[in-house]
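The values are calculated or read from the model by the stated rules, or taken from the named source; none is laboratory data. The model shown is predicted, which means the values in this text are computed figures rather than measured ones. Here the Cβ positions follow ideal geometry from the backbone for every residue, glycine too, while neighbour counts run over all protein chains shown. Accessible surface is based on the protein model in full, side chains and every heavy atom, while ligands, DNA and RNA are left aside. Shrake-Rupley method; radii C 1.70, N 1.55, O 1.52, S 1.80 Å.
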Amino acid sequence: MNKICIIGGCGHVGLPLGLAFASKSFFVTLVDLNSSAVEKVNKGELPFKEEGAEELLKSLISKNVVASVDITQVKNQDVVIFVTGTPVDEHHNPKINEVLKVIRSYENLLSKEQLIILRSTLFPGSTELIAKELESLLGEAKVAFCPERILQGKALEEIFTLPQIVAANSDKAYNQATELFSKISPKIIRIEPKEAEIVKLMTNTWRYLEFAVSNAFYMIAENDGLDFYKILNAIKDDYPRAKHFPSAGLAAGPCLFKDTMQLSAFYENNFFLGQSAMLVNEGLPNFLVQQLEKKIGNLSEKRIALLGMTFKANNDDTRESLSFKIKKILEFRMAKVITHDPYLQNEMSLQETLNLANGVILGTPHNEYKKIIPAVPYVDCWGIWPR
Ligand SMILES: NC(=O)c1ccc[n+]([C@@H]2O[C@H](COP(=O)([O-])OP(=O)(O)OC[C@H]3O[C@@H](n4cnc5c(N)ncnc54)[C@H](O)[C@@H]3O)[C@@H](O)[C@H]2O)c1
(Lines give C-alpha, C1' and ligand atoms only; values in the text may rest on other atoms or scores of the structure.)
Protein backbone atom coordinates (compact mmCIF):
# COMPACT_ATOMS: atom_id res chain seq x y z
CA MET A 1 0.00 0.00 0.00
CA ASN A 2 2.32 2.69 -1.28
CA LYS A 3 0.14 4.84 -3.44
CA ILE A 4 -2.66 6.87 -1.92
CA CYS A 5 -5.15 9.00 -3.81
CA ILE A 6 -7.30 11.54 -1.96
CA ILE A 7 -10.52 12.74 -3.59
CA GLY A 8 -11.11 16.28 -2.32
CA GLY A 9 -7.37 16.32 -1.74
CA CYS A 10 -6.96 20.11 -1.80
CA GLY A 11 -9.68 20.71 0.82
CA HIS A 12 -9.34 21.51 4.50
CA VAL A 13 -9.32 17.84 5.51
CA GLY A 14 -7.87 16.17 2.41
CA LEU A 15 -4.73 18.29 2.12
CA PRO A 16 -3.36 17.93 5.68
CA LEU A 17 -4.17 14.21 5.57
CA GLY A 18 -2.29 13.84 2.28
CA LEU A 19 0.70 15.70 3.73
CA ALA A 20 0.65 13.51 6.83
CA PHE A 21 0.80 10.33 4.73
CA ALA A 22 3.42 11.82 2.40
CA SER A 23 5.57 12.68 5.43
CA LYS A 24 5.62 8.92 6.09
CA SER A 25 6.93 8.27 2.56
CA PHE A 26 3.67 7.31 0.82
CA PHE A 27 3.16 8.58 -2.73
CA VAL A 28 0.14 10.84 -2.50
CA THR A 29 -2.03 12.12 -5.35
CA LEU A 30 -4.47 14.86 -4.38
CA VAL A 31 -7.38 14.80 -6.82
CA ASP A 32 -9.58 17.88 -6.65
CA LEU A 33 -11.99 19.59 -9.06
CA ASN A 34 -10.98 23.01 -7.76
CA SER A 35 -8.40 23.87 -10.39
CA SER A 36 -7.11 27.02 -8.68
CA ALA A 37 -6.48 25.09 -5.44
CA VAL A 38 -4.71 22.36 -7.44
CA GLU A 39 -2.54 24.93 -9.16
CA LYS A 40 -1.60 26.54 -5.86
CA VAL A 41 -0.77 23.24 -4.19
CA ASN A 42 1.49 22.22 -7.08
CA LYS A 43 3.34 25.53 -6.62
CA GLY A 44 3.82 24.69 -2.95
CA GLU A 45 1.23 27.21 -1.77
CA LEU A 46 -1.61 26.42 0.63
CA PRO A 47 -5.11 27.39 -0.60
CA PHE A 48 -6.07 28.18 3.03
CA LYS A 49 -4.42 28.73 6.39
CA GLU A 50 -3.35 25.61 8.30
CA GLU A 51 -0.61 25.67 10.92
CA GLY A 52 2.66 24.08 9.79
CA ALA A 53 1.21 22.79 6.51
CA GLU A 54 2.87 25.15 4.04
CA GLU A 55 6.40 24.27 5.15
CA LEU A 56 5.58 20.57 4.90
CA LEU A 57 3.94 20.99 1.49
CA LYS A 58 6.97 22.87 0.15
CA SER A 59 9.29 20.09 1.31
CA LEU A 60 7.20 17.31 -0.26
CA ILE A 61 5.61 18.72 -3.40
CA SER A 62 8.34 17.90 -5.89
CA LYS A 63 8.99 14.54 -4.23
CA ASN A 64 6.01 12.39 -3.31
CA VAL A 65 2.96 14.70 -3.44
CA VAL A 66 1.14 15.88 -6.55
CA ALA A 67 -2.24 17.56 -7.03
CA SER A 68 -4.42 16.99 -10.08
CA VAL A 69 -7.85 17.73 -11.52
CA ASP A 70 -7.64 14.52 -13.55
CA ILE A 71 -9.98 12.02 -11.92
CA THR A 72 -8.48 9.09 -13.84
CA GLN A 73 -5.49 9.37 -11.47
CA VAL A 74 -7.62 7.17 -9.22
CA LYS A 75 -6.68 4.15 -11.32
CA ASN A 76 -3.49 2.34 -10.28
CA GLN A 77 -3.68 3.55 -6.70
CA ASP A 78 -3.55 1.19 -3.72
CA VAL A 79 -5.79 3.32 -1.53
CA VAL A 80 -8.52 5.79 -2.51
CA ILE A 81 -9.76 8.16 0.20
CA PHE A 82 -12.95 10.20 -0.30
CA VAL A 83 -13.13 13.43 1.67
CA THR A 84 -15.48 15.81 -0.10
CA GLY A 85 -18.14 17.94 1.60
CA THR A 86 -21.30 16.52 3.17
CA PRO A 87 -23.70 19.44 3.50
CA VAL A 88 -27.28 19.68 4.75
CA ASP A 89 -30.08 21.18 2.66
CA GLU A 90 -32.37 24.16 3.37
CA HIS A 91 -34.52 21.92 5.60
CA HIS A 92 -31.42 20.82 7.53
CA ASN A 93 -31.54 17.30 6.11
CA PRO A 94 -28.31 15.67 4.94
CA LYS A 95 -27.74 15.82 1.20
CA ILE A 96 -26.92 12.13 0.93
CA ASN A 97 -27.23 12.26 -2.83
CA GLU A 98 -24.28 14.65 -3.04
CA VAL A 99 -22.07 12.04 -1.37
CA LEU A 100 -23.38 9.27 -3.61
CA LYS A 101 -22.96 11.46 -6.68
CA VAL A 102 -19.26 11.93 -5.95
CA ILE A 103 -18.70 8.20 -5.33
CA ARG A 104 -20.64 7.33 -8.50
CA SER A 105 -18.53 9.68 -10.58
CA TYR A 106 -15.47 7.58 -9.62
CA GLU A 107 -17.08 4.13 -9.54
CA ASN A 108 -15.85 3.06 -12.95
CA LEU A 109 -12.28 3.95 -12.04
CA LEU A 110 -12.18 1.89 -8.84
CA SER A 111 -11.19 -1.76 -8.50
CA LYS A 112 -11.75 -4.53 -5.96
CA GLU A 113 -8.02 -4.62 -5.15
CA GLN A 114 -8.09 -1.04 -3.87
CA LEU A 115 -8.83 -0.11 -0.29
CA ILE A 116 -11.59 2.50 -0.41
CA ILE A 117 -11.74 4.80 2.59
CA LEU A 118 -14.58 7.19 3.36
CA ARG A 119 -13.36 10.09 5.51
CA SER A 120 -16.12 12.68 5.12
CA THR A 121 -18.59 13.02 7.99
CA LEU A 122 -21.40 10.70 6.90
CA PHE A 123 -25.07 10.32 7.74
CA PRO A 124 -25.52 7.01 9.64
CA GLY A 125 -26.00 4.14 7.21
CA SER A 126 -24.08 5.78 4.34
CA THR A 127 -21.00 3.54 4.59
CA GLU A 128 -23.12 0.41 4.36
CA LEU A 129 -25.04 1.82 1.41
CA ILE A 130 -21.86 2.80 -0.44
CA ALA A 131 -20.15 -0.53 0.34
CA LYS A 132 -23.17 -2.48 -0.99
CA GLU A 133 -23.23 -0.40 -4.16
CA LEU A 134 -19.49 -0.92 -4.75
CA GLU A 135 -19.74 -4.65 -3.96
CA SER A 136 -22.48 -5.10 -6.53
CA LEU A 137 -20.47 -3.16 -9.12
CA LEU A 138 -17.01 -4.66 -8.48
CA GLY A 139 -17.96 -8.14 -7.27
CA GLU A 140 -16.29 -7.41 -3.96
CA ALA A 141 -15.08 -4.19 -2.35
CA LYS A 142 -12.90 -3.28 0.61
CA VAL A 143 -14.59 -0.25 2.17
CA ALA A 144 -13.61 1.44 5.44
CA PHE A 145 -15.00 4.48 7.21
CA CYS A 146 -12.27 6.41 9.03
CA PRO A 147 -13.71 9.77 10.10
CA GLU A 148 -11.63 12.90 10.48
CA ARG A 149 -11.82 14.50 13.93
CA ILE A 150 -9.17 17.23 13.73
CA LEU A 151 -9.59 20.83 14.81
CA GLN A 152 -9.25 22.98 11.71
CA GLY A 153 -6.01 24.96 11.95
CA LYS A 154 -4.40 22.30 14.14
CA ALA A 155 -4.76 19.42 11.68
CA LEU A 156 -1.11 18.48 11.41
CA GLU A 157 -0.69 18.33 15.15
CA GLU A 158 -3.90 16.38 15.75
CA ILE A 159 -3.66 13.84 12.89
CA PHE A 160 -0.58 12.45 14.63
CA THR A 161 -1.96 12.56 18.17
CA LEU A 162 -5.67 11.69 18.06
CA PRO A 163 -6.88 8.08 18.09
CA GLN A 164 -8.29 6.98 14.73
CA ILE A 165 -11.77 5.45 14.58
CA VAL A 166 -11.80 2.63 12.02
CA ALA A 167 -14.89 0.80 10.78
CA ALA A 168 -15.10 -1.49 7.76
CA ASN A 169 -17.30 -3.80 5.74
CA SER A 170 -14.90 -6.76 6.28
CA ASP A 171 -11.96 -7.86 8.43
CA LYS A 172 -9.71 -7.54 5.38
CA ALA A 173 -10.69 -3.90 4.87
CA TYR A 174 -10.38 -3.24 8.61
CA ASN A 175 -6.89 -4.78 8.77
CA GLN A 176 -5.64 -2.82 5.78
CA ALA A 177 -7.12 0.47 7.04
CA THR A 178 -5.57 -0.19 10.44
CA GLU A 179 -2.17 -0.92 8.90
CA LEU A 180 -2.39 2.33 6.95
CA PHE A 181 -3.56 4.60 9.78
CA SER A 182 -1.14 3.06 12.27
CA LYS A 183 1.55 4.91 10.32
CA ILE A 184 0.12 8.27 11.40
CA SER A 185 -2.17 7.60 14.40
CA PRO A 186 -1.09 6.57 17.90
CA LYS A 187 -4.15 4.36 18.47
CA ILE A 188 -6.88 2.64 16.46
CA ILE A 189 -10.40 2.22 17.79
CA ARG A 190 -12.49 -0.43 16.02
CA ILE A 191 -16.22 0.00 15.86
CA GLU A 192 -19.01 -0.86 13.40
CA PRO A 193 -19.70 1.51 10.46
CA LYS A 194 -23.00 2.94 11.68
CA GLU A 195 -21.60 3.36 15.20
CA ALA A 196 -18.55 5.15 13.78
CA GLU A 197 -20.75 7.49 11.77
CA ILE A 198 -22.65 8.31 14.96
CA VAL A 199 -19.40 8.76 16.95
CA LYS A 200 -18.39 11.52 14.58
CA LEU A 201 -21.80 13.22 14.63
CA MET A 202 -22.07 13.02 18.41
CA THR A 203 -18.53 14.37 18.86
CA ASN A 204 -19.41 17.51 16.90
CA THR A 205 -22.88 17.79 18.40
CA TRP A 206 -21.38 17.65 21.89
CA ARG A 207 -19.19 20.66 21.07
CA TYR A 208 -22.17 22.51 19.59
CA LEU A 209 -24.23 21.84 22.74
CA GLU A 210 -21.37 22.97 25.00
CA PHE A 211 -21.17 26.29 23.14
CA ALA A 212 -24.96 26.63 23.33
CA VAL A 213 -24.85 26.28 27.13
CA SER A 214 -22.23 29.03 27.41
CA ASN A 215 -24.09 31.22 24.95
CA ALA A 216 -27.39 30.76 26.79
CA PHE A 217 -25.71 31.60 30.13
CA TYR A 218 -24.04 34.62 28.51
CA MET A 219 -27.41 35.93 27.32
CA ILE A 220 -29.09 35.26 30.71
CA ALA A 221 -26.36 37.17 32.58
CA GLU A 222 -25.88 40.04 30.15
CA ASN A 223 -29.62 40.52 29.66
CA ASP A 224 -29.74 41.43 33.35
CA GLY A 225 -26.78 43.79 33.01
CA LEU A 226 -24.40 41.35 34.71
CA ASP A 227 -20.86 40.56 33.59
CA PHE A 228 -20.96 36.96 32.29
CA TYR A 229 -17.18 36.58 32.42
CA LYS A 230 -17.02 37.59 36.07
CA ILE A 231 -19.60 34.86 36.72
CA LEU A 232 -17.82 32.32 34.51
CA ASN A 233 -14.50 32.98 36.26
CA ALA A 234 -16.15 32.42 39.61
CA ILE A 235 -17.69 29.15 38.33
CA LYS A 236 -14.34 27.87 37.03
CA ASP A 237 -11.98 29.14 39.73
CA ASP A 238 -10.41 26.04 41.30
CA TYR A 239 -13.56 24.06 40.52
CA PRO A 240 -12.46 20.95 38.60
CA ARG A 241 -15.85 19.95 37.23
CA ALA A 242 -16.17 23.26 35.36
CA LYS A 243 -12.61 23.22 34.03
CA HIS A 244 -13.62 22.78 30.38
CA PHE A 245 -16.55 25.18 30.43
CA PRO A 246 -16.04 27.15 27.18
CA SER A 247 -16.37 30.90 26.81
CA ALA A 248 -19.38 32.27 24.97
CA GLY A 249 -18.90 32.94 21.27
CA LEU A 250 -20.31 32.56 17.79
CA ALA A 251 -20.61 28.80 17.20
CA ALA A 252 -20.25 28.65 13.45
CA GLY A 253 -18.27 26.99 10.68
CA PRO A 254 -18.98 24.19 8.25
CA CYS A 255 -19.24 21.30 10.72
CA LEU A 256 -20.85 21.76 14.16
CA PHE A 257 -24.23 23.09 13.06
CA LYS A 258 -24.67 20.74 10.11
CA ASP A 259 -23.58 17.67 12.07
CA THR A 260 -26.03 18.51 14.88
CA MET A 261 -28.73 18.76 12.21
CA GLN A 262 -27.62 15.43 10.70
CA LEU A 263 -27.96 13.79 14.11
CA SER A 264 -31.37 15.38 14.49
CA ALA A 265 -32.43 14.08 11.06
CA PHE A 266 -31.16 10.62 12.04
CA TYR A 267 -33.42 10.73 15.12
CA GLU A 268 -36.27 11.80 12.86
CA ASN A 269 -36.28 15.35 14.20
CA ASN A 270 -36.94 14.33 17.79
CA PHE A 271 -33.58 15.62 18.98
CA PHE A 272 -35.03 18.68 20.70
CA LEU A 273 -31.82 19.40 22.60
CA GLY A 274 -29.94 19.76 19.30
CA GLN A 275 -32.68 21.94 17.84
CA SER A 276 -32.64 24.09 21.00
CA ALA A 277 -28.85 24.47 20.74
CA MET A 278 -29.38 25.68 17.19
CA LEU A 279 -31.90 28.30 18.38
CA VAL A 280 -29.46 29.52 21.03
CA ASN A 281 -26.34 29.61 18.83
CA GLU A 282 -28.13 31.06 15.82
CA GLY A 283 -29.92 33.58 18.07
CA LEU A 284 -26.72 34.99 19.56
CA PRO A 285 -26.09 37.39 16.62
CA ASN A 286 -29.50 39.02 17.24
CA PHE A 287 -28.71 39.35 20.94
CA LEU A 288 -25.35 41.00 20.21
CA VAL A 289 -26.96 43.58 17.95
CA GLN A 290 -29.59 44.28 20.64
CA GLN A 291 -26.79 44.74 23.20
CA LEU A 292 -25.16 47.35 20.98
CA GLU A 293 -28.52 49.07 20.51
CA LYS A 294 -28.87 49.30 24.29
CA LYS A 295 -25.50 51.03 24.43
CA ILE A 296 -25.74 53.48 21.53
CA GLY A 297 -29.45 53.66 20.73
CA ASN A 298 -31.05 53.39 17.29
CA LEU A 299 -28.50 52.01 14.83
CA SER A 300 -29.90 53.72 11.76
CA GLU A 301 -27.13 55.63 9.95
CA LYS A 302 -24.60 54.76 12.69
CA ARG A 303 -21.24 53.41 11.56
CA ILE A 304 -20.65 50.00 13.12
CA ALA A 305 -17.31 48.26 12.92
CA LEU A 306 -17.65 44.48 12.72
CA LEU A 307 -14.26 43.02 13.61
CA GLY A 308 -13.59 39.44 12.51
CA MET A 309 -15.45 37.80 9.62
CA THR A 310 -13.96 34.30 9.67
CA PHE A 311 -15.72 31.57 11.61
CA LYS A 312 -12.81 30.97 13.96
CA ALA A 313 -9.92 32.91 15.42
CA ASN A 314 -6.57 33.20 13.65
CA ASN A 315 -7.89 31.46 10.53
CA ASP A 316 -8.97 32.65 7.08
CA ASP A 317 -12.03 30.39 6.68
CA THR A 318 -15.33 32.29 6.29
CA ARG A 319 -17.53 29.21 5.70
CA GLU A 320 -20.83 29.54 7.60
CA SER A 321 -19.43 32.40 9.68
CA LEU A 322 -22.10 34.05 11.85
CA SER A 323 -20.37 37.43 11.41
CA PHE A 324 -22.20 37.62 8.07
CA LYS A 325 -25.49 37.12 9.90
CA ILE A 326 -24.59 39.99 12.26
CA LYS A 327 -23.80 42.15 9.22
CA LYS A 328 -27.21 41.37 7.70
CA ILE A 329 -29.04 42.19 10.94
CA LEU A 330 -27.15 45.47 11.29
CA GLU A 331 -27.85 46.44 7.69
CA PHE A 332 -31.52 45.66 8.15
CA ARG A 333 -31.44 48.23 10.95
CA MET A 334 -29.91 50.62 8.41
CA ALA A 335 -26.54 50.78 10.13
CA LYS A 336 -23.49 51.44 7.99
CA VAL A 337 -21.33 48.38 8.53
CA ILE A 338 -17.55 48.49 8.12
CA THR A 339 -16.07 45.01 8.27
CA HIS A 340 -12.47 44.21 9.10
CA ASP A 341 -10.55 40.97 9.32
CA PRO A 342 -6.75 40.61 9.40
CA TYR A 343 -7.02 37.39 7.35
CA LEU A 344 -9.14 38.90 4.54
CA GLN A 345 -8.95 41.88 2.17
CA ASN A 346 -10.16 45.05 3.88
CA GLU A 347 -11.40 48.38 2.64
CA MET A 348 -9.42 50.16 5.35
CA SER A 349 -6.94 49.50 8.14
CA LEU A 350 -8.02 48.48 11.62
CA GLN A 351 -7.16 51.93 12.97
CA GLU A 352 -9.11 53.71 10.22
CA THR A 353 -12.06 51.38 10.85
CA LEU A 354 -12.01 52.14 14.57
CA ASN A 355 -11.60 55.88 13.99
CA LEU A 356 -14.78 55.96 11.89
CA ALA A 357 -16.95 53.73 14.09
CA ASN A 358 -19.75 54.78 16.45
CA GLY A 359 -19.86 51.27 17.88
CA VAL A 360 -18.04 47.94 17.54
CA ILE A 361 -19.10 44.30 17.54
CA LEU A 362 -16.38 41.67 17.88
CA GLY A 363 -17.17 38.83 15.47
CA THR A 364 -14.00 36.77 15.83
CA PRO A 365 -11.40 37.00 18.63
CA HIS A 366 -8.28 37.08 16.40
CA ASN A 367 -5.03 37.69 18.29
CA GLU A 368 -4.71 41.08 16.53
CA TYR A 369 -7.86 42.28 18.32
CA LYS A 370 -6.51 41.27 21.73
CA LYS A 371 -3.98 44.09 21.39
CA ILE A 372 -6.62 46.84 21.17
CA ILE A 373 -9.50 48.22 23.20
CA PRO A 374 -12.01 50.24 21.15
CA ALA A 375 -12.59 53.81 22.36
CA VAL A 376 -16.29 53.68 21.39
CA PRO A 377 -19.01 51.42 22.92
CA TYR A 378 -18.54 47.79 21.97
CA VAL A 379 -20.04 44.32 22.33
CA ASP A 380 -17.68 41.43 22.90
CA CYS A 381 -19.27 38.07 23.70
CA TRP A 382 -15.83 36.37 23.69
CA GLY A 383 -14.60 38.23 26.76
CA ILE A 384 -11.30 39.54 25.34
CA TRP A 385 -11.93 43.24 26.11
CA PRO A 386 -12.63 44.71 29.53
CA ARG A 387 -16.25 45.22 30.29
N1 LIG B 1 -13.06 21.21 8.03
C2 LIG B 1 -12.91 20.49 9.13
O3 LIG B 1 -12.29 20.90 10.11
C4 LIG B 1 -13.46 19.09 9.20
C5 LIG B 1 -13.12 18.29 10.29
C6 LIG B 1 -13.59 16.98 10.35
C7 LIG B 1 -14.40 16.52 9.33
N8 LIG B 1 -14.76 17.31 8.28
C9 LIG B 1 -15.59 16.74 7.22
O10 LIG B 1 -14.75 16.49 6.10
C11 LIG B 1 -15.49 16.64 4.89
C12 LIG B 1 -14.77 17.63 3.99
O13 LIG B 1 -14.71 18.88 4.64
P14 LIG B 1 -13.66 20.00 4.24
O15 LIG B 1 -13.74 21.04 5.28
O16 LIG B 1 -12.34 19.41 3.90
O17 LIG B 1 -14.34 20.53 2.89
P18 LIG B 1 -13.61 21.40 1.75
O19 LIG B 1 -14.71 22.06 1.00
O20 LIG B 1 -12.53 22.22 2.34
O21 LIG B 1 -12.93 20.29 0.84
C22 LIG B 1 -13.62 19.47 -0.04
C23 LIG B 1 -12.83 19.45 -1.35
O24 LIG B 1 -13.47 18.50 -2.20
C25 LIG B 1 -13.34 18.98 -3.53
N26 LIG B 1 -14.32 18.26 -4.35
C27 LIG B 1 -15.67 18.36 -4.35
N28 LIG B 1 -16.20 17.46 -5.20
C29 LIG B 1 -15.17 16.77 -5.73
C30 LIG B 1 -15.08 15.71 -6.65
N31 LIG B 1 -16.16 15.19 -7.21
N32 LIG B 1 -13.85 15.24 -6.97
C33 LIG B 1 -12.74 15.77 -6.41
N34 LIG B 1 -12.77 16.78 -5.53
C35 LIG B 1 -13.97 17.26 -5.19
C36 LIG B 1 -13.59 20.48 -3.40
O37 LIG B 1 -13.08 21.17 -4.51
C38 LIG B 1 -12.85 20.79 -2.10
O39 LIG B 1 -11.51 21.18 -2.35
C40 LIG B 1 -16.89 17.04 5.31
O41 LIG B 1 -17.68 15.89 5.42
C42 LIG B 1 -16.68 17.63 6.69
O43 LIG B 1 -17.84 17.56 7.47
C44 LIG B 1 -14.29 18.58 8.19
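For T86, the conditions (1) open to solvent by 20 Å² or more (accessible area, probe 1.4 Å); (2) within 21 Å of the chain's Cα centre (by Cα); (3) modelled with pLDDT under 95 all hold with the exception of (1). Annotation: of all residues in the stretch 147-167 being more than 25 Å from F311 (Cβ to Cβ) and surrounded by 16 or more Cβ atoms within 10 Å (Cβ to Cβ), the one that is nearest to the ligand (Cβ to nearest atom) is Q164. Of the residues N34, N42, the single one that is within 20 Å of the chain's Cα centre (by Cα) and free of Cβ contacts under 8 Å to residues at least 60 places away in the same chain is N34.
Residues in the stretch 168-188 that are free of Cβ contacts under 8 Å to residues at least 24 places away in the same chain and open to solvent by 50 Å² or more (accessible area, probe 1.4 Å): D171, N175, S182.
Residues that are in contact with a Pro (Cβ under 9 Å, 6 or more places away or on another chain) and hydrophobic (A, V, I, L, M, F, W, C) within the stretch 39-75 comprise V41, A53, L56, listed in sequence order. When each of F266, F272, F217 is tested for being open to solvent by less than 80 Å² (accessible area, probe 1.4 Å), at negative phi and aromatic (F, W, Y), the lone residue that passes is F266.
Of the helices (runs of 4 or more DSSP H) that lie entirely inside the stretch 1-86, those containing 2 or more residues that are assigned by TED's automatic domain parsing to the domain that holds I150 and near the ligand (Cβ under 10 Å from one of its atoms) span 14-22, 35-42. Restricting the first member to the stretch 95-113 and to residues that are farther than 20 Å from A177 by Cβ, and the second to residues that are of a type in the set (F, W, Y), the beta-carbon pairs closer than 7 Å and six or more apart or on different chains are I96/F123.
With respect to the conditions (1) within 16 Å of the ligand (Cβ to nearest atom); (2) open to solvent by 10 Å² or more (accessible area, probe 1.4 Å); (3) touching a strand residue (DSSP E or B) at 6+ places or on another chain (Cβ under 9 Å), K142 falls short on a single one, namely (1). Against the test of being within 27 Å of F123 (Cα to Cα), surrounded by fewer than 18 Cβ atoms within 10 Å (Cβ to Cβ) and out of contact with any Leu (no Cβ under 7 Å at 6 or more places or on another chain), the options K63, K101 yield a single qualifying residue, K101. When the helices (runs of 4 or more DSSP H) confined to the stretch 113-212 are screened for residues that are among the aromatic types (F, W, Y), those reaching at least 1 such residues are found at 171-181. There is at least one residue in the stretch 219-236 that is outside any loop (DSSP other than H, G, I, E, B), of a type in the set (D, E), farther than 26 Å from L122 by Cβ and not assigned by TED's automatic domain parsing to the domain that holds T121. Going by the structure shown, is I231 among the β-branched types (V, I, T), more than 28 Å from V13 (Cβ to Cβ) and surrounded by 13 or more Cβ atoms within 10 Å (Cβ to Cβ)? Judged against the criteria, I231 is a match. H92 passes every criterion in (1) in contact (Cβ under 8 Å) with a residue 12 or more places away in the chain; (2) within 29 Å of K172 (Cβ to Cβ); (3) within 15 Å of the ligand (Cβ to nearest atom) apart from (2). For the stretch 244-260, give me each residue that is over 11 Å from the mean Cα position of the chain (by Cα) and either in a helix (DSSP H, G or I) or assigned by TED's automatic domain parsing to the domain that holds G85 (or both). The one that is over 11 Å from the mean Cα position of the chain (by Cα) and either in a helix (DSSP H, G or I) or assigned by TED's automatic domain parsing to the domain that holds G85 (or both): T260.
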